[in-house]
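J.: Please find one structure pasted underneath; my questions will follow.
The values are calculated or read from the model by the stated rules, or taken from the named source; none is laboratory data. Since we're looking at a predicted model, the values are computed, not measured. Here the Cβ positions follow ideal geometry from the backbone for every residue, glycine too, while neighbour counts run over all protein chains shown. Calculation scope for accessible area: heavy atoms of the full protein, side chains included, ligands and nucleic acids excluded. Shrake-Rupley method; radii C 1.70, N 1.55, O 1.52, S 1.80 Å.
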Amino acid sequence: MFFCDPFGCTDPDHLFNLGQDDIEENDYVYLHDQEPVHLDLHKTLFEDVVRRNHDIRCHPPGHVIVSERGEYVDRLCETYGWRSHYYFFHGWACLDWYRGYHRTFLIPRAKDRNPTRTFMSPNRIVAGKRDHRVLFLYNVFKHGLDHNHITAPRTCVYENVDISVVANKYCSTYPDITQVFEQADLPKLFVGEDVQHMTSCWLGNFAEAADSLVYVPTETVYFGQRLHITEKTFKAIALEMPFVLVAPAGSLAYLREYGFQTFGHVFDESYDLETDDIARIEKVTKLLKELDSLSVQERQQIHRACLPIVEHNYRHFYHGEFESVLWKELTAMLNNFQTMIHRQ
């Protein structure tokens, strides 16, 4: 049984037991449980996993452990003959990363806030596999929502490409998209920032969170029939905020499976049912525009209406209930995996 981490050690002597005579090899397991599955981006890596385990013969071709559901995992297994095993990696990661914040005084409790802005939304990497954020930001600027607490780069910090160049990809859908970004006042940063300060493992932007009705995480993946929720959404929960997700269809239902509640009785969450990716982001924008058109007092009434759900999610995350759900899921996955291995 062999394990490898795509973002850890790359020394083959540490990752694989390549034909060592003193080890009886009958299968292998590849952990791809943090990052989303991209068959094109990770093609070389996936093929190397197969190549390095070529000496295992007359046995099933292997297993992959993922933290994603949907068509991308299905294609991965069809391509390489792997059996997939799922658990919610980012649930575990966020319980670790955000532990203890509920015992600090970094942000007022939700019941003590009176937000004046409609939403906050940090957006840092906007090119490559995350260019769906360009579609969201286009709609933000197009509909005059950029007075809210958002960040948006002029040049993608990861791909080093101007956002207008990224936007060219979507000119057939939005003919004015390049013009909108050329005229936008970019980069947009939170108050006091000279560059965008954003890390996965820490909470921050407390002033913006306290002053915003909802948090709008633009998730790591957006397109296609897949489910892959990361720390971006859990930041909203740990900051005691309602959320509107820029994420694949069904993501709200996915969170509800783990005991979290969403806000459908307070504002329209039908966007989560929309499987057309362009239409879904437009429905998210329509919802934000409707909330933004309200008076500050009306938005604060919505804030108070959301408090029971916000507080439930906060308790569920910090008081052990979510961890209990994750333990049951993880042990069931490992037991099923063990049974499968023993049958071979």
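J.: Kindly provide log₁₀ I(q)/I(0) values, in the same order as q = 0.17, 0.26 Å⁻¹, from the Debye equation applied to equal alpha-carbon scatterers of the range 289-340.
T.: Scattering profile of the range 289-340, log10 relative to I(0): -0.67, -0.91.
J.: At a 10 angstrom cut-off on C-beta neighbours, averaged per residue, how do the peptides 241-253, 288-300 rank from highest to lowest?
T.: 241-253, 288-300
J.: Would you mind giving the average projected area, over all directions, of the Cα convex hull of the range 22-119 in nm² with one decimal?
T.: 10.9
J.: Next question. Of 119, 206, which has the most accessible area with a 1.4 Å probe, and how do the rest follow in descending order?
T.: From most accessible down to least: 206, 119.
J.: Using a 1.4 Å probe over the heavy atoms of the protein chains, calculate the carbon and sulfur portion of the accessible area of the range 39-180 as a whole percent.
T.: The C+S portion of the solvent-accessible surface of the range 39-180 is 50 percent.
J.: Give me the Kirkwood hydrodynamic radius of the range 231-295, using the inverse of the mean 1/r over all pairs of distinct Cα atoms, in Å to one decimal.
T.: One decimal place: 12.5 Å for the Kirkwood radius.
J.: While we're on this one: Taking only protein heavy atoms into account and a 1.4 Å probe, give the accessible area per residue of the chain in Å².
T.: Spelled out: the 1.4 Å probe surface of the chain, per residue, equals 47 Å².
J.: Something else now. Taking the Cα centre as origin and putting +1 on Lys and Arg beta-carbons and -1 on Asp and Glu beta-carbons, what dipole magnitude results for the chain, to the nearest 20 debye?
T.: Once rounded to the nearest 20, the dipole reads 980 debye.
J.: Compute the distance from the alpha-carbon center of the range 310-329 to that of the range 174-189, in whole Å.
T.: Cα centres, the range 310-329 to the range 174-189: 40 Å.
J.: Mind computing the radius of gyration and Dmax over the alpha-carbon atoms of the chain? Å is fine for both.
T.: Rg and Dmax of the chain, Cα atoms, are 21.8, 73 Å.
J.: List residues of the range 259-274, by number, whose backbone nitrogen lies under 16 Å from a label position 7 Å along Cα→C-beta of residue 298.
T.: So the set is 266-268.
J.: To the nearest 10 degrees, how steeply does helix 132-142 sit against the main Cα axis of the chain, on a 0 to 90 scale?
T.: Taking Cα atoms only, the helix is inclined about 10 degrees.
J.: So how long is each side of the range 173-289 along the principal axes, counting just the alpha-carbon atoms, biggest first, in Å?
T.: 39, 37, 25
J.: Note down the Stokes-Einstein diffusion coefficient of the range 69-167 in µm²/s, whole number, using a Kirkwood radius over alpha carbon pairs, 37 °C, and 0.692 mPa s.
T.: This corresponds to a translational diffusion coefficient of 188 µm²/s.
J.: Students often check this: by mean Cβ neighbours within 10 Å, which of 225-235, 45-55 ranks highest, and how do the rest follow?
T.: 225-235, 45-55
J.: Same structure again: Strictly over 31 Å apart at the Cα level, which of 289/328; 188/328; 111/289; 235/289; 286/328; 169/289 would you flag in this model?
T.: Beyond 31 Å: 289/328; 188/328; 286/328.
J.: To the nearest 10 degrees, how steep is helix 71-80 against the longest Cα principal axis of the chain, on a 0 to 90 scale?
T.: 20
J.: Oh, and also: Would you mind giving the average projected area, over all directions, of the Cα convex hull of the range 89-235 in nm² with one decimal?
T.: 9.7
J.: Which distance in Å, rounded to a whole number, links the C-alpha centroids of the range 200-262 and the range 142-171?
T.: Here the two parts' Cα centres lie 20 Å apart.
J.: What is the percent carbon and sulfur in the accessible area of the range 236-332, measuring with a 1.4 Å probe over the protein chains and ignoring ligands?
T.: Its accessible area is 53 percent carbon and sulfur atoms.
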